[in-house]
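Here is the structure we will look at.
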Amino acid sequence: MTAFIPAIKSRSAVADRVFNLVTAGAAWLVLILLGATAASMAWGGRLAFETFGLGFVTSTDWDAVGGKFGALVPIYGTIVTSLIALIIAVPVSLGIALFVTDIAPRWIRGPIGIAVELLAAIPSIIYGMWGLFVFAPFMALHVDPWLNDTLGPVPVLGAIFTGPPIGIGMLTAGIVLGIMVIPFIAAVARDVFNAVPAPLKESAVALGSTRWEVLSRVTLPYARSAIVGAIFLGLGRALGETMAVTFVLGNAHDLSISLLMPSNSIAAAIANEFTEADAELYRSALIALAFLLFVVTFIVLSAAKLLLLRLNRAHGRTH
Amino acid sequence: MGLVLLQRRAVDALAFLFASAATLFGLFWLFWILWTTFRRGLGAINVALFTQMTPPPGSTGGLLNAFYGSAVMIGFAVIVGAPLGVAAGTYLAEHGRYSRLAAAVSFLNDVLLSAPSIVIGLFVYEIVVRTSGHFSGYAGAIALAMILLPIVVRTSDEALRLVPDQMREAAFALGVPRWRVTAQILYKAAMTAILTGVLLGVARIAGETAPLLFTALNNQFWSGSLSGPLANVPVVIFQYAMSPYDEWHTLAWAGALVLTLFVLGLNLVVRMIAKRTSK
């Protein structure tokens with residue numbers, strides 16, 4: 001009997017160690033996958049980086065037949081469409097978050113929250129299809145001609161907002177992208193608003209503040225960094241989104257200041273061209289683009305996470 | 001004094017109006033996109049959609065091979081990704097709760113969660129397709145598993161943390177070894193939440209297109225094998241929508257409607273389960 005107990009103990013100690021190893025191994029796997037992805041993109045893109053050097057990101061000359069690859073157009077397109085998306089999504093998302101946390105009657109908050117989350121759940125390819133078959137024709141028919149007519153004669157804006165009324169281009173892609181990231185930013189912003197300690201808001205109300213004053217002078221200053229984090233999270237999504245923009249961007253490799261001209265983005269260029277890339281250098285150029293995209297989104301998403309962590313820590317949660 | 005108060009009230013009313021308008025704006029797109037998908041997809045739903053293969057240009061057919069290929073790849077991705085995700089989540093919440101590794105993994109897992117899925121597709125192309133020499137359903141399933149993994153890690157981590165510490169302490173006090181506390185008590189207590197996390201992950205990977213473009217590719221014909229190119233719903237929708245053929249457009253909308261109903265339905269089911277258990 002006395003010999004039996006240590007036997008059980010040591011057996012369970014072994015089992016404990018095995019369990020620990022297995023779970024720690026799975027945790028390591030997350031890190032390994034992330035590192036391996038970055039390494040494999042850097043390795044796959046090295047040929048393009050070596051061949052073109054800095055010219056890879058500064059040249060607009062993308063010529064698959066001639067073997068020249070300058071990626072400025074897709075890089076520019078990625079940045080511009082993401083910025084358009086943020087310009088639309090940030091005020092709307094903050095408005096939704098404010099509505100759901102402070103303004104809406106209680107019975108309607110749940111359903112609206114669910115609706116916004118469903119908007120986030122719709123697969124991006126559905127956004128892309130809707131963009132191509134419904135929204136792009138709508139832009140071509142109603143918005144593009146109006147922009148041409150009203151903003152065309154204005155000096156600087158004219159160059160940005162005139163172009164062929166085909167509905168395909170950076171403006172359409174940016175708007176579709178904006179609709180897509182609204183629910184991501186709104187959901188995080190809602191949680192951030194809810195995390196502001198109630199006594200702070202109540203004190204302001206007790207001093208006679210209106211709802212807007214509570215938001216602008218208590219909630220927003222308190223949650224500023226976390227709100228920026230939520231916006232960065234949306235930016236990270238917008239930069240890497242593929243299907244929603246591939247449909248409506250036009251896959252063109254000409255640099256144009258006009259938002260109505262067809263353009264390209266990093267993700268769309270990869271999606272459109274990778275299976276056709278027969279030359280080693282061509283494939284390497286696309287993988288090099290993926291590497292740049294991965295590094296940039298990694299930085300943006302890490303910044304988002306750090307900014308959001310700070311609020312949680314102030315709130316007493318550490319994970 | 002009265003004027004200032006009036007002005008403050010006016011600004012407040014404006015903010016109220018703006019927030020309401022923003023919410024209407026957001027919901028407007030949801031309804032527009034859903035309405036389009038239903039209107040164009042409903043007419044295309046028929047028996048042939050579920051009994052016939054994807055057709056060549058200019059003729060009618062169905063999406064049976066694509067539905068099958070998607071189901072098989074999602075199933076494989078869950079078998080691979082879910083246990084790994086739960087194990088990593090267990091490390092974060094239990095065995096490594098205060099370790100440095102857990103903090104790093106928890107941080108980077110969230111980055112992986114939002115990482116561009118097309119890069120994950122390229123990564124799997126580089127390590128699976130290029131080394132094996134051909135596109136395959138396995139490669140597609142691995143790419144989907146990589147997207148599923150961080151979702152399951154996050155949800156199972158949170159699910160385990162919600163189990164009260166008293167339960168762990170009570171078990172330890174009875175002399176139950178740590179691994180049995182996790183396997184037999186904590187998993188049981190957190191089972192519903194872990195399963196809903198996996199379901200949410202399935203809803204996410206069901207619509208993922210970008211990571212399948214260079215891994216599973218597509219296949220016009222029936223193929224039951226994961227080791228060759230495999231038809232799947234998202235890539236078929238993509239190719240058919242981008243094509244100039246009307247018959248293909250119709251099929252793409254039918255596929256889009258089925259996919260949307262599946263994803264939104266799964267989301268609503270998850271929400272209902274979560275609501276019931278929280279009561």
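Summary of values
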{"read-out": "Probe 1.4 Å - accessible area at A:HIS253, Å² to nearest ten", "value": "40 Å²"}
{"read-out": "Probe 1.4 Å, accessible area per residue of region B:176-279, Å²", "value": "42 Å²"}
{"read-out": "Separation between Cα centres of region A:69-97 and region B:101-137, rounded to whole Å", "value": "24 Å"}
{"read-out": "Heavy-atom accessible area, 1.4 Å probe, ligands and nucleic acids excluded: residues of region B:81-107 down by at least 30 Å² from chain alone", "value": "B:LEU84, B:ALA87, B:ALA88, B:TYR91, B:HIS95, B:LEU101, B:VAL105, B:PHE107"}
{"read-out": "Residue-level accessible surface for B:PHE50, protein heavy atoms, 1.4 Å, Å²", "value": "100 Å²"}
{"read-out": "3J(HN,Hα) from dihedral phi, region A:154-161, Karplus parametrisation 6.51/-1.76/1.60, rounded to Hz, x for glycine, proline", "value": "6, x, 7, 4, x, 5, 6, 10"}
{"read-out": "Per residue accessible area of region B:67-131, 1.4 Å probe, in Å²", "value": "33 Å²"}
{"read-out": "Protein heavy-atom accessible area occluded, B/A pair - total, 1.4 Å probe, Å²", "value": "7400 Å²"}
{"read-out": "Shape of region B:131-234, Cα gyration tensor, a/c cut at 1.5", "value": "prolate"}
{"read-out": "With every protein chain in place, the protein assembly as shown: carbon and sulfur % of accessible area (1.4 Å)", "value": "69 percent"}
{"read-out": "5 angstrom amide H check on A:LYS68, placed H, neighbours 5+ away", "value": "A:ASP63"}
{"read-out": "Centroid-to-centroid separation of region A:179-225 and region B:216-234 [C-alpha atoms, Å]", "value": "49 Å"}
{"read-out": "Those aspartates and glutamates that a straight Cα-Cα span of less than 12 Å connects to A:LYS305, excepting residues fewer than 8 apart in one chain", "value": "B:ASP110"}
{"read-out": "Shape category assigned to region B:67-137 from the gyration tensor of Cα positions, a/c cut at 1.5", "value": "prolate"}
{"read-out": "Normalised contact order of region B:149-246, rounded percent, pairs of Cα under 8 Å and 6 or more residues apart", "value": "25 percent"}
{"read-out": "Protein-only accessible surface order, largest first, of A:TYR222, A:TYR127, B:TYR187 at 1.4 Å", "value": "A:TYR222, B:TYR187, A:TYR127"}
{"read-out": "Extreme residue, positive dipole direction of region B:113-272, given options B:ASN232, B:ILE185, B:THR155 (C-beta unit charges)", "value": "B:ILE185"}
{"read-out": "Sequence of B:ARG178, A:ARG224 when ordered by accessible area, the most exposed leading, probe 1.4 angstrom", "value": "A:ARG224, B:ARG178"}
{"read-out": "Solvent-accessible surface (1.4 angstrom probe) belonging to B:PHE31, in square angstrom, nearest 10", "value": "120 Å²"}
{"read-out": "Region A:187-251 - accessible surface per residue (Å², probe 1.4 Å)", "value": "40 Å²"}
{"read-out": "Residues in region A:163-187 that, when all protein chains are in place, have 40 Å² or more less accessible area than the chain alone would give (probe 1.4 Å)", "value": "A:ILE179"}
{"read-out": "Most to least accessible of B:ARG276, B:ARG130, B:ARG154 (protein chains only, probe 1.4 Å)", "value": "B:ARG276, B:ARG130, B:ARG154"}
{"read-out": "Prolate/oblate/rounded call for chain B, Cα gyration tensor, a/c under 1.5 rounded", "value": "oblate"}
{"read-out": "Under 14 Å from A:LYS201, Cα to Cα: aspartates and glutamates that are on another chain or at least 8 residues apart", "value": "A:ASP102, A:GLU213"}
{"read-out": "Chain A: DSSP helices with Cα axial extent of at least 27 Å and average Kyte-Doolittle hydropathy no lower than 1.6", "value": "A:72-98, A:170-195"}
{"read-out": "Separation between Cα centres of region A:104-172 and region A:268-291, rounded to whole Å", "value": "29 Å"}
{"read-out": "Chain B: DSSP helices with Cα axial extent of at least 20 Å and average Kyte-Doolittle hydropathy no lower than 0.5", "value": "B:2-42, B:64-90, B:100-114, B:137-161, B:187-206, B:246-278"}
{"read-out": "Protein-protein interface of region A:84-114, residues with accessible area decrease of at least 50 Å², isolated chain reference, 1.4 Å probe", "value": "A:PHE99, A:ILE103"}
{"read-out": "Charge-dipole axis of the protein assembly as shown as Lys and Arg at +1 and Asp and Glu at -1 on Cβ define it, positive-most pick from B:SER243, B:GLY197, B:VAL78", "value": "B:GLY197"}
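The values are calculated or read from the model by the stated rules, or taken from the named source; none is laboratory data. Since we're looking at a predicted model, the values are computed, not measured. When we count neighbours, we look across all protein chains shown, and the Cβ atoms used for this are built from the backbone with ideal geometry, even at glycine. What goes into the accessible areas is simple: the full protein's heavy atoms, side chains included, and nothing from ligands, DNA or RNA. Shrake-Rupley method; radii C 1.70, N 1.55, O 1.52, S 1.80 Å.
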